[in-house]
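Data first, discussion second: the structure below is written as structure tokens.
The values are calculated or read from the model by the stated rules, or taken from the named source; none is laboratory data. Keep in mind it's a predicted model, so treat the numbers as computed, not measured. When we count neighbours, we look across all protein chains shown, and the Cβ atoms used for this are built from the backbone with ideal geometry, even at glycine.
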């Protein structure tokens, strides 16, 4: 269980609709619209990497205006435990 970040790209002018929808999903801590290569950063907490992947595959990817999702899992705890 930890923190993951999702970088989303979606159809222009749908940011409010998508952000409002994603905010309601279990495990989503924060939804931040951004400018640049991606349109939104989603922060999840208290979900395992497998649960985050399920969230993306079953709830986020099926949204009609989502073009792509890049998932970043926090690896700091696993790296520290392995003394890397």
Exposed (fewer than 14 other Cβ atoms within 10 Å of the Cβ) and at pLDDT 90 or above: does that describe residue 63? no
Within the stretch 6-37, residues touching a strand residue (DSSP E or B) at 6+ places or on another chain (Cβ under 9 Å), more than 15 Å from residue 63 (Cα to Cα) and surrounded by fewer than 17 Cβ atoms within 10 Å (Cβ to Cβ) come out as 26, 29, 30, 32, 33, 34, 37
The helices (runs of 4 or more DSSP H) lying entirely within the chain that contain at least 2 residues which are touching a residue at least 12 places away in the same chain (Cβ under 8 Å) are 15-23, 49-55
